[in-house]
Amino acid sequence: MTLKRISNVTKKQTLRINVLAAAVLSLTVGVGAAHAINPGEAKAPVRVASADQQSANGVIVKYKNGAAAAVDRSAKLSVVQAALSRAIVSTGTTSRALALSPQVERQLGTGADLIRLKSKLGSADMNKVLAELNADPSVQYAVANVRLQRSDLRSSGNVQPALVPNDPNYAQYQWNFYNATGGVNAPAAWDISQGEGVVVAVLDTGILPGVPDFGTNLLPGYDFISDKESSRRPTDGRAPGATDYGDWVETANECYTGSEPEASSWHGTHVAGTIAEVTNNGSALAGLAYKAKVLPVRVLGKCGGTLADISDAITWASGGTVAGVPANTTPAEIINMSLGGGGSCDAAYQDAINGAVSRGTLVVVAAGNDTGNAANYRPSSCNNVVAVGATRVTGGITYYSNYGSVVDLAAPGGGGSVDGNPNGYIWQVGSSSDTTPDGGDWVLLGKGGTSMSSPHVAAVAALVQSALAANGKDPLSPAAMEALLKQSARRFPVTIPAATPIGTGIVDAKAALDAALKEPCTENCEPEGIPLTNKVALAGVAGATGSETVYTFEAVAGKQLSVLTYGGTGNVSVYVAQGRVPTATDNDAKSSRPGNTETVRVAKPVAGTYYVKVVGEAAFNGVTILATQ
């Protein structure tokens, strides 16, 4: 295969194969490298800037309805200036608070205001200012307008499915689609759905101009980066289109203390390719939902992207209104955000996400790559998102993936050099250029990270929504889609350590489609349930107050059966019965202690199906269920 890239200097017609290592996408101020390396030289993920390293030159403030500051510009500034004066100690005759000179830059799509400060504040001073603002009775919330970054690493059925793509690099490189152990079961799913009619927004670094093998699958998109230093466009402000002008960083410590020089990542193109690169066209690689449309929304540039810009991008991509930006004529059913960073979910992020979900848009996010609890990173710690951890070709957890009760399920992210070349990476088309998009060859880029995991889940959601429409069914709500993805996930083929759970299993495209399209039983129906496997923990279980979820277990006769729930938050009760769905009054055994730690034992079970019902006495999340015999 030959891919052609037209450079300003020369025509280059060779498709080269490079392994790229990329950096962790975080909500702070650093970005990851994307330079070519040898497979054996893959480095550990770059750690995101800590909360103490973060700086911000602005705050996002949402005022309460009815407050004067909600409608009056002078009142807005008075509230902020007063908070600055209370929080910032002046030195000598100089008033540091007055010198910050707050100005209203713009109103966000959520109704909050971006207040720009004349100079940046360190985290200690910013925290004091935010505390004062959030204590003000006219303020609904106030958060720092920090930067976020990419979430990748530094490195680089029994029936034969009808569709095995003829894309020449598919068989060698895209284990993540077809491998029976670690893949997402794409070939069998492609017999049913290819994602046609669904729009997936990719909030990322944008798209390389003229990238091969996307055909008509790319919509025009929009660039939401508002400062020219980060966007590398000639002027401040937003702009139509989503061209990736490069996110390289020239010098150390430029983005935050400890940040490193980096080459351009072409991260958004890689993520978009996993979702919807044209497939079965005899060219390059395949995309998972290859008839879906990608709406590229540029939010990450040099040193990442600001919370205010990302918030507006979420609103716009989902069909909401953002002042100064034309209406989005192709609202996305699904948003993918392969980005994140240190710190728990803030009110501004949650506000934007809630708005998107209220408009019917599913929000899929990377869990992060710091080998830490995802509850301490955003947006994976936000409510109403599907947070995705990373697995290897073996189906086991990667060495870098964040984990914890907020992670909903997992998908292939690449295990790095430990799994070799090419099986240690996720592959898509990109550029070999270290800086601008107009130099270098078209290459296959091998990347790793939860950035690569998230688009697999977004694409499977697109397959499901497309199949439902094709069969005359209503689309699933974001909450229903999240439940379906988690419940249909394939159980991990290897044990995930109890201390590092990454959800219910590996996303399975075919199983998700089967579950979505299954016709409800109307007569002579046997009870249905989610199968539990002996001694295999099912993690990441969640539910609302009053919810009831049924599981099944195939028991042998005579050997004690134990069903346990533990971990997470909230309050559940567990009921067990043989051959029937149990209730609080009709069961063989039960446990209803306060909290999530429940143990039910059946001393002498008979052979057959036991039904386990988990009831949400209060909303619960991150609970693990384990059946043993």
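The values are calculated or read from the model by the stated rules, or taken from the named source; none is laboratory data. Predicted, not measured: the structure shown is a model, and the values here were computed from it. Note that we place each Cβ from the backbone using ideal geometry, even for glycine, and neighbour counts take in every protein chain shown. Heavy atoms of the whole protein, side chains included, go into the accessibility calculation; ligands, DNA and RNA do not. Shrake-Rupley method; radii C 1.70, N 1.55, O 1.52, S 1.80 Å.
Of note:
- For the range 549-576, the candidate set comprises residues that are assigned to a strand (DSSP E or B), more than 15 Å from Ser592 (Cα to Cα) and aliphatic (A, V, I, L, M); within that set, the residue that is modelled with the lowest pLDDT is Val550.
A quick yes/no check of all residues on (1) within 18 Å of Ser265 (Cα to Cα); (2) outside any loop (DSSP other than H, G, I, E, B); (3) among the hydroxyl-bearing types (Ser, Thr, Tyr); (4) modelled with pLDDT of 95 or more:
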site	(1), (2), (3), (4)
Phe177	no, yes, no, yes
Ile192	no, no, no, yes
Gly195	no, no, no, yes
Val202	yes, yes, no, yes
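- Within the option set Asp236, Asp213, Asp247, being among the charged types (D, E, K, R), assigned to a loop (DSSP other than H, G, I, E, B) and at positive phi holds for one residue only, Asp213.
- Boolean, Asp408 is surrounded by 23 or more Cβ atoms within 10 Å (Cβ to Cβ) and among the acidic types (Asp, Glu): yes
- Subset of the range 324-352 [in a loop (DSSP other than H, G, I, E, B), among the hydrophobic types (A, V, I, L, M, F, W, C) and buried (at least 24 other Cβ atoms within 10 Å of the Cβ)]: Ala332
- Test: Thr500 is of a type in the set (Ser, Thr, Tyr) and either modelled with pLDDT under 90 or part of a strand (DSSP E or B) (or both): no
- If you check Arg96, Arg73, Arg47, Arg106 for being under 28 Å from Gly268 (Cβ atoms) and at pLDDT 65 or above, only one passes: Arg106.
- Of all residues in the range 105-117 being in contact with a strand residue (DSSP E or B) (Cβ under 8 Å, 6 or more places away or on another chain) and open to solvent by 20 Å² or more (accessible area, probe 1.4 Å), the one that is farthest from Leu77 (Cα to Cα): Thr110
- Qualifying residue in the range 202-215 (condition: touching a helix residue (DSSP H, G or I) at 6+ places or on another chain (Cβ under 6 Å) and open to solvent by 10 Å² or more (accessible area, probe 1.4 Å)): yes
- Matching residues in the range 171-196 - criterion: being under 15 Å from Gly287 (Cβ atoms) and open to solvent by 10 Å² or more (accessible area, probe 1.4 Å): Tyr173, Tyr178, Pro187, Gln194, Glu196
- Check on Val393, in contact with an Asp or Glu (Cβ under 7 Å, 6 or more places away or on another chain) and open to solvent by 10 Å² or more (accessible area, probe 1.4 Å): yes
- Among (1) in contact with a Phe, Trp or Tyr (Cβ under 9 Å, 6 or more places away or on another chain); (2) open to solvent by 60 Å² or more (accessible area, probe 1.4 Å); (3) modelled with pLDDT of 95 or more - the single one Val606 does not satisfy: (1)
Table: residues versus (1) among the aliphatic types (A, V, I, L, M); (2) open to solvent by 40 Å² or more (accessible area, probe 1.4 Å).
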| residue | (1), (2) |
| --- | --- |
| Ala470 | yes, yes |
| Leu484 | yes, no |
| Gln487 | no, yes |
| Phe492 | no, no |
| Ile496 | yes, no |
| Ala499 | yes, yes |
| Gly503 | no, no |
| Leu513 | yes, no |
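- Test: residue in the range 442-463 that is open to solvent by less than 10 Å² (accessible area, probe 1.4 Å) and either farther than 30 Å from Ala171 by Cβ or among the aromatic types (Phe, Trp, Tyr) (or both): yes
- Residue in the range 389-401 that is assigned to a strand (DSSP E or B), modelled with pLDDT of 95 or more, out of contact with any Lys or Arg (no Cβ under 6 Å at 6 or more places or on another chain) and not β-branched (Val, Ile, Thr) present: yes
- Verdict on Val364 being in contact with a Phe, Trp or Tyr (Cβ under 8 Å, 6 or more places away or on another chain), surrounded by 21 or more Cβ atoms within 10 Å (Cβ to Cβ) and not polar (S, T, N, Q): no
- Residues in the range 550-583 that are open to solvent by 60 Å² or more (accessible area, probe 1.4 Å) and of a type in the set (A, V, I, L, M): Val556, Ala557.
- Within the range 367-376, the only residue that satisfies the criterion of being open to solvent by 40 Å² or more (accessible area, probe 1.4 Å) and either part of a strand (DSSP E or B) or among the aliphatic types (A, V, I, L, M) (or both) is Asn373.
- Matching residues, the range 286-323, being buried (at least 24 other Cβ atoms within 10 Å of the Cβ), assigned to a loop (DSSP other than H, G, I, E, B) and aliphatic (A, V, I, L, M): Ala286, Leu288, Ala289, Ala292, Val299, Leu300
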